[in-house]
Number of protein chains: 2
Amino acid sequence: MDQKVDTRSRILDIAEAAVLEKGFEATSIEEIVAGAQISRSGFFYHFKDKNALARAMLERYIEAENALYDDLFARARELNDDPLHCMLIGLKLLAEMLEEMPTGHPGCVIASTAYQDRLFDEGVRELNRQAILGWRKRFRGMFEEIAEVYQPREAVNMDALGDMVSSVVEGGLVLQRALREHNNASEQIMLFRTYLKLLFASKA
Amino acid sequence: MDQKVDTRSRILDIAEAAVLEKGFEATSIEEIVAGAQISRSGFFYHFKDKNALARAMLERYIEAENALYDDLFARARELNDDPLHCMLIGLKLLAEMLEEMPTGHPGCVIASTAYQDRLFDEGVRELNRQAILGWRKRFRGMFEEIAEVYQPREAVNMDALGDMVSSVVEGGLVLQRALREHNNASEQIMLFRTYLKLLFASKA
DNA sequence: ACGCGAACTGGACTCGCAGTACAGGAGGAG
DNA sequence: CTCCTCCTGTACTGCGAGTCCAGTTCGCGT
């Protein structure tokens, strides 16, 4: 319709950048509307309240993250058909991607939301929950495929192993944020990768 | 000095419980003073502002966490002199401890602070940073001891491996919080324990 | 050309919470 | 008796979220 990007997305862009940099609570509506060049009323026209903004941001972020994972492991699959090697390549790509992101990987959105969840309504919390469960399912599936080909050297809980991808990314991002370093998350992923190599070392 | 617990600690207790349950920003001073049975002025007598409260809470928490790790691995060391087995026992104890904590393990304090750091001053951020660096050093030291006895099967960055303890705990707590489950953190620790077993499987 | 609805703007207001200022009170230590 | 520590009470500022509502602009269908 209009050439200039539609206002709603512009608000989301500005808000996302601000929230990633300093957290949701610390980001004022005042500041968002200033950045997006609209009036306060304009903001409330698009979002009922900050909660609605949070929900929209989360939805957008989760979709993007899922698309990223899809793409990443699709590319990995093209490079190698073996499920284990596909996973190892995918994790490597993920680590590289994280390293290239200057400061704020959006992953923090999940943790950030989790730690401020009293500010949000049930809808937002449930969204967050479903996203993590989705990743659990995704990675669990991939690990089961691997386990069909490679006998794990130690028995592991497959749900927990699926969760470990998210856990290691989120944990790494927490460190990164607190330490003001920039490659902790990617290093943690590379360690996890080594774990998988050790765990699935022998063909079944 | 006085028999009834000194007011400052009482404020910290109440505040810590509230913050763990719903986050720092969502905890109002109003509510803290109500819980601690003091006046608003009384609160500001003890703490200049919310920042000072945050700093005091963090200090207390970090001290407690360090004492906990000291105790845990001292007990583990009593049970087994071998550095690897000591570590494995310590992690098991840690996992059990996390599982017994009804809802809110304080670990979240670190992540919580990290994700709201714009609300805090440099002192608080630095405190957080030093705590994590302390744990890195602690675990790195233990892993180096292990590596003197057991040849790691794969080369790993020892700093990152040290960080992985914190990372896995923090990541697990994020999941736990978002999923409203209760044993994710302990499961993640147990997976990390398996990792160590695989990594240090053979004597040097 | 007219009207209608979508996408806004502007201004005035309420409310909750952080933080400030300051005056005063109780109670123990010297 | 007095000073200091540890408070209480009241009254204030200022900010940010959220509400209400009246009015504007502009493209679309008829």
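The values are calculated or read from the model by the stated rules, or taken from the named source; none is laboratory data. All values derive from a computational prediction rather than experimental measurement. Please note: Cβ atoms are built from the backbone with ideal geometry, for glycine as well, and neighbour counts cover all protein chains shown.
Filtering segment A:1-18 to residues that are more than 9 Å from DNA strand D (Cβ to nearest atom) and out of contact with any helix residue (DSSP H, G or I) (no Cβ under 9 Å at 6 or more places or on another chain) leaves A:GLN3, A:ASP6. In segment A:102-119 there is at least one residue that is surrounded by fewer than 15 Cβ atoms within 10 Å (Cβ to Cβ) and within 19 Å of B:ARG125 (Cα to Cα). Looking across B:LEU72, B:LEU88, one residue alone is within 14 Å of chain A (Cβ to nearest Cβ), away from DNA strand C (no atom under 16 Å from the Cβ) and among the aliphatic types (A, V, I, L, M). It is B:LEU88. Residue count for segment A:79-93 satisfying the condition of being within 18 Å of the chain's Cα centre (by Cα), touching a residue at least 40 places away in the same chain (Cβ under 8 Å) and surrounded by 20 or more Cβ atoms within 10 Å (Cβ to Cβ): 2.
Within segment B:50-75, residues that are without any contact (Cβ under 8 Å) to a residue 60 or more places away in the chain and under 24 Å from B:PHE120 (Cβ atoms) have Cβ atoms under 6 Å from residues that are more than 16 Å from DNA strand C (Cβ to nearest atom) and outside any helix (DSSP H, G or I) in these pairs: B:TYR61/B:PRO106, counting only partners at least 6 apart in sequence or on another chain. Of all the listed residues (A:GLU30, A:GLU25), the sole one being within 9 Å of DNA strand D (Cβ to nearest atom), within 14 Å of chain B (Cβ to nearest Cβ), out of contact with any strand residue (DSSP E or B) (no Cβ under 7 Å at 6 or more places or on another chain) and charged (D, E, K, R) is A:GLU25.
Yes or no, residue by residue, for (1) under 19 Å from the mean Cα position of the chain (by Cα); (2) within 16 Å of DNA strand D (Cβ to nearest atom):
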| site | (1), (2) |
| --- | --- |
| B:LEU20 | yes, no |
| B:PHE43 | no, yes |
| B:PHE47 | no, yes |
| B:TYR61 | yes, no |
| B:ARG77 | no, no |
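Which of the residues that make up segment B:7-63 are within 23 Å of A:ALA114 (Cβ to Cβ), among the hydroxyl-bearing types (Ser, Thr, Tyr) and surrounded by fewer than 19 Cβ atoms within 10 Å (Cβ to Cβ)? B:SER28, the sole residue that qualifies.
Residues are listed down the side, and each one gets a yes or a no for (1) assigned to a helix (DSSP H, G or I); (2) modelled with pLDDT under 95; (3) at the interface with another protein chain (Cβ under 8 Å from one of its Cβ atoms):
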position	(1), (2), (3)
B:ALA147	yes, no, no
B:ARG153	no, no, yes
B:VAL156	no, no, yes
B:GLY162	yes, no, no
B:VAL174	yes, yes, yes
B:ALA178	yes, yes, yes
B:GLN188	yes, no, yes
B:LEU191	yes, no, yes
B:LYS197	yes, no, yes
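Listed conditions (1) within 14 Å of another protein chain (Cβ to nearest Cβ); (2) within 15 Å of DNA strand C (Cβ to nearest atom); (3) closer than 30 Å to A:SER167 by Cα; (4) part of a helix (DSSP H, G or I) are all met by B:ALA111, apart from (2). For B:ALA54, state whether it is under 17 Å from the mean Cα position of the chain (by Cα) and in a helix (DSSP H, G or I). Answer is yes for this residue.
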